[in-house]
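Below is one structure; the comments refer to it alone.
The values are calculated or read from the model by the stated rules, or taken from the named source; none is laboratory data. Bear in mind the structure is a predicted one, so any value in this text is a computation, not a measurement. Here the Cβ positions follow ideal geometry from the backbone for every residue, glycine too, while neighbour counts run over all protein chains shown. The protein model used for the area step is the full one, side chains on, heavy atoms only, and it has no ligands, DNA or RNA in it. Shrake-Rupley method; radii C 1.70, N 1.55, O 1.52, S 1.80 Å.
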Amino acid sequence: MTFSVDIHSHFLPEQWPDLEARFGTPDWPWMKQLGGGKAMLMVGDREFRPVLDDCWNGARRIAAMDEHGIDVQVMSATPLLFAYGRPPEQAREVARLFNSAARDICAHDPARLKSLCQVPLQDTDAACAELDIAMAEGHIGVQIGNHVGDRNLDDAGILTFLHHCADVGAAVLIHPWDMMAQQRMPKYMLSWLVGMPAETQLSILSLILSGAFEKLPRSLRLCFAHGGGSFAFLLGRVDNAWRNRDIVRVDCPRLPSSYTDRFYVDSAVFNEDALAMLIKVMGEDRVVLGSDYPFPLGEQVVGQMIREDEGLSPGLRRKLMGANAARFLNLPDELGGRANAA
């Protein structure tokens with residue numbers, strides 16, 4: 001069976017301390033346990049999302065991986081837990097709490113369950129310090145949101161943090177959160193269906209058009225969730241704008257499409273034609289398996305689309321299922337070697 005690595009899955013602890021009581025401010029996330037392996041993720045008094053115990057039960061996760069034929073799963077926090085809008089010292093305490101919880105879940109089978117930490121990204125020094133601690137504790141990288149308030153990824157402080165990630169060898173998964181224009185998308189999960197893809201395209205273009213990739217080391221390993229959002233489909237529009245409008249290329253010395261070798265995207269696009277276009281735009285070596293497990297908008301049988309896509313050659317299928325992710329994460333590959341972290 002083809003070696004497989006799912007780089008995009010989420011966890012929630014079964015319980016955590018009452019953050020509202022601890023910090024004296026309202027609207028912190030908490031878990032309302034309902035029994036029978038069911039729970040409701042809450043924000044203050046508001047229901048946010050129903051969840052099951054595969055969010056926190058390591059044995060359940062491994063059983064699902066076995067059922068789906070997944071060798072390694074990489075967990076990261078549900079972005080609701082980031083606390084970027086809180087005081088930095090509180091966000092760092094929250095990061096410590098959830099980073100520890102992630103390692104506890106991974107302890108069920110450390111060879112197969114891996115974790116990405118979270119950091120208080122609103123404070124660059126605190127974020128770098130927390131990343132150092134988390135990497136020493138066994139995390140293999142970090143998940144960050146695609147913005148902090150009004151600061152996009154080209155913000156000087158965030159670029160400093162990304163440079164630090166390269167220095168310490170941390171893989172970076174960038175996940176959209178706190179979506180734009182939510183007041184115009186109150187129903188039908190439109191914030192997830194429209195806002196998330198747009199947020200991800202915005203974050204990629206923030207790095208490309210600002211010239212940030214000219215300043216960041218090539219050793220930095222970035223991956224954007226959800227197939228890079230709307231980026232691949234609209235890249236032709238961006239290239240056209242760069243060619244014809246000087247205000248687009250003022251800080252970007254090269255054609256935007258020439259930067260696709262600087263980052264990865266996951267495969268969570270749920271359509272074979274979309275996957276084919278993604279591979280054509282990004283290249284065979286820059287797309288990795290990502291499922292968004294265990295949430296309903298994720299791939300319900302992890303890796304099924306790649307396995308069943310008759311348009312993929314065996315070699316390409318091997319890359320998408322695990323070889324590319326092993327390189328991105330600097331994990332041992334199925335042959336017992338170590339993938340290059342290029």
Within region 8-29, is there a residue that is touching a helix residue (DSSP H, G or I) at 6+ places or on another chain (Cβ under 8 Å), modelled with pLDDT under 95 and surrounded by 13 or more Cβ atoms within 10 Å (Cβ to Cβ)? no
Taking region 109-123 and the residues there that are under 14 Å from Ala77 (Cβ atoms) and not aliphatic (A, V, I, L, M), the one that is surrounded by the most Cβ atoms within 10 Å (Cβ to Cβ) would be Gln118
Answer from Ala95, Ala83, Ala77 - the residue that is surrounded by 21 or more Cβ atoms within 10 Å (Cβ to Cβ) and either modelled with pLDDT under 95 or at positive phi (or both): Ala83
Flag for Val51 being surrounded by fewer than 18 Cβ atoms within 10 Å (Cβ to Cβ), of a type in the set (Val, Ile, Thr) and at pLDDT 95 or above: no
Any residue in region 235-257 that is under 19 Å from Ala212 (Cα atoms) sitting within a Cβ distance under 6 Å of a residue that is among the polar types (S, T, N, Q) and not in a loop (DSSP other than H, G, I, E, B)? List the pairs, counting only those 6 or more apart or interchain. Leu235/Ser257; Asp239/Ser257
Applying the selection to region 226-237, what residues are open to solvent by less than 30 Å² (accessible area, probe 1.4 Å) and over 19 Å from Met185 (Cβ atoms)? Gly227, Gly228, Phe231, Ala232, Leu235
Mind checking which residues of region 252-283 are hydrophobic (A, V, I, L, M, F, W, C) and under 19 Å from Leu312 (Cβ atoms)? Val265, Ala268, Val269, Phe270, Ala274, Leu275, Ala276, Met277, Leu278, Ile279, Val281, Met282
Evaluate region 269-283: report whether one residue or more is over 14 Å from Ile70 (Cα atoms) and in contact (Cβ under 8 Å) with a residue 60 or more places away in the chain. no
Looking only at residues in region 152-175 that are touching a residue at least 12 places away in the same chain (Cβ under 8 Å) and in a loop (DSSP other than H, G, I, E, B), which one is farthest from Ser219 (Cα to Cα)? Asn152
I'm told Ala136 meets every condition in (1) loosely packed, with under 15 Cβ neighbours inside 10 Å; (2) within 17 Å of Leu220 (Cβ to Cβ) except one. Can you identify the failing condition by its number? (2)
Which pairs turn up if I take residues in region 98-110 that are on the phi > 0 side of the Ramachandran plot and aliphatic (A, V, I, L, M) and look for partners that are open to solvent by 40 Å² or more (accessible area, probe 1.4 Å) and modelled with pLDDT under 95 with beta carbon separation below 6 Å, at least 6 apart in sequence or on another chain? none
Listing of strands (runs of 3 or more DSSP E) fully contained in region 9-54 that carry 3 or more residues being closer than 23 Å to His68 by Cβ and in contact (Cβ under 8 Å) with a residue 24 or more places away in the chain: 46-52
What is the number of the single condition among (1) in contact with a Leu (Cβ under 8 Å, 6 or more places away or on another chain); (2) open to solvent by less than 60 Å² (accessible area, probe 1.4 Å) that Glu284 does not meet? (2)
